[in-house]
Amino acid sequence: MMNPWSQVNRIPPLDDHEAHLWRIDLTDVASHSLRYASLLTPAEQAEAGRKIGPVRDHFTIGRACVRVLLGNALGMDPRQLTLAKGVHGKPETPALNGRSISFNLAHSKNTLLIALRHSGAIGVDVEYFDRSTDIMEVAHANFTESETNILAEADPQTRPQTFYRYWTRKEAIGKADGRGLLLPLASFDVSFEPINSRPVPVSESPGKPGKLYFVRDLDLGEGAAGALALESDEANVRSLIFPLHSML
């Protein structure tokens, strides 16, 4: 499990051997939405304008926070950053003066997570438990045999926690890999505990060696699960709470 979250009053620099994981509470953010909209490009502001209510506010705050964090890491005005989509749709920003940033976002209900580092792939996921989900049906379609068996044998009361723990681990790896859900989730196993005891191998294609991903579970409170995946375990990960009320 990741270290406890630290509250900060300003955005610290992102060192070369660090990864920052930011948590943003989107509860009651409507009052901040207009102020943070000034950090968006005209195209992003137009996209936000096509949304309504909390969906619009969450989009505005999320995109603005990404720009603030990337601008801080690259020493740029957040408004001047170019955000694009990679081959499989993963957001990315071009290298600047030989420096680039790997970053990823995850959003569920009122929780937004943003992970970033200077080198090496990174992926993050968060999910709140949904009791209406047919857990075993999803598992049979997306989990390995070992994972599905463990889930079937689990106490019904704790089965949702196990399911979402596995699911967020897989999602974080898929997002770090860049293929997301295009990566067959049953092609790699995340059922060993603790998950950070050894890397998870993920192949580009059957029979070929692939990359190793180092996964950490996140402490997001009761009723939620989350995971962070990194292409190497050399980074010192800092878990931080974004100072939403004091930034602008």
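The values are calculated or read from the model by the stated rules, or taken from the named source; none is laboratory data. Everything numeric here is computed off the predicted structure, so don't read it as measured data. Glycine also receives a Cβ, built like all others from the backbone with ideal geometry; neighbour counts cover every protein chain displayed.
Go over the candidates S239, S246 one by one and state the one that is polar (S, T, N, Q), buried (at least 18 other Cβ atoms within 10 Å of the Cβ), touching a Lys or Arg at 6+ places or on another chain (Cβ under 9 Å) and touching a residue at least 60 places away in the same chain (Cβ under 8 Å).
Within the list S239, S246, the selection yields S239.
Going by the conditions given, is F59 within 21 Å of G226 (Cα to Cα) and free of Cβ contacts under 8 Å to residues at least 60 places away in the same chain?
Criteria met by F59.
Would it be correct to say that T82 is modelled with pLDDT of 95 or more, over 18 Å from R117 (Cβ atoms) and either buried (at least 16 other Cβ atoms within 10 Å of the Cβ) or more than 17 Å from the chain's Cα centre (by Cα) (or both)?
Judged against the criteria, T82 is not a match.
Does at least one position in segment 103-110 carry a residue that is more than 18 Å from E44 (Cα to Cα) and of a type in the set (A, V, I, L, M)?
yes
Looking at segment 158-176, can you tell me whether even one residue there is buried (at least 19 other Cβ atoms within 10 Å of the Cβ), outside the structural domain of F103 (by TED's automatic domain parsing), in a loop (DSSP other than H, G, I, E, B) and touching a helix residue (DSSP H, G or I) at 6+ places or on another chain (Cβ under 9 Å)?
Looking through segment 158-176, none of the residues is buried (at least 19 other Cβ atoms within 10 Å of the Cβ), outside the structural domain of F103 (by TED's automatic domain parsing), in a loop (DSSP other than H, G, I, E, B) and touching a helix residue (DSSP H, G or I) at 6+ places or on another chain (Cβ under 9 Å).
If a residue must be out of contact with any Ser or Thr (no Cβ under 9 Å at 6 or more places or on another chain), outside any helix (DSSP H, G or I) and either closer than 19 Å to G123 by Cβ or small (G, A, S) (or both), how many such residues does segment 20-38 contain?
Going through segment 20-38 one residue at a time, the tally reaches 1.
I want to confirm something. Restricting to segment 107-130 and keeping residues that are in a loop (DSSP other than H, G, I, E, B) and of a type in the set (S, T, N, Q), which single residue is surrounded by the fewest Cβ atoms within 10 Å (Cβ to Cβ)?
N110
Within segment 61-72, is there a residue that is surrounded by fewer than 19 Cβ atoms within 10 Å (Cβ to Cβ) and assigned to a loop (DSSP other than H, G, I, E, B)?
The answer is no; no qualifying residue exists.
List pairs: first in segment 207-227 and at negative phi, second hydroxyl-bearing (S, T, Y) and outside any strand (DSSP E or B), Cβ under 7 Å, 6+ apart or cross-chain?
Here the result reads P209/S203; G210/S203; F214/S232; A225/Y164; A225/T168; G226/T168; A227/T168, each pair linking segment 207-227 to a residue that is hydroxyl-bearing (S, T, Y) and outside any strand (DSSP E or B).
Can you tell me which of (1) modelled with pLDDT of 95 or more; (2) hydrophobic (A, V, I, L, M, F, W, C); (3) surrounded by fewer than 20 Cβ atoms within 10 Å (Cβ to Cβ) is the one L181 doesn't meet?
All conditions pass for L181, except number (1).
In segment 99-106, is there at least one residue being surrounded by 14 or more Cβ atoms within 10 Å (Cβ to Cβ) and assigned to a helix (DSSP H, G or I)?
There is no residue in segment 99-106 that is surrounded by 14 or more Cβ atoms within 10 Å (Cβ to Cβ) and assigned to a helix (DSSP H, G or I).
Could you list, in sequence order, the residues of segment 192-226 that are more than 27 Å from L112 (Cβ to Cβ) and either assigned to a strand (DSSP E or B) or modelled with pLDDT of 95 or more (or both)?
P201, L212
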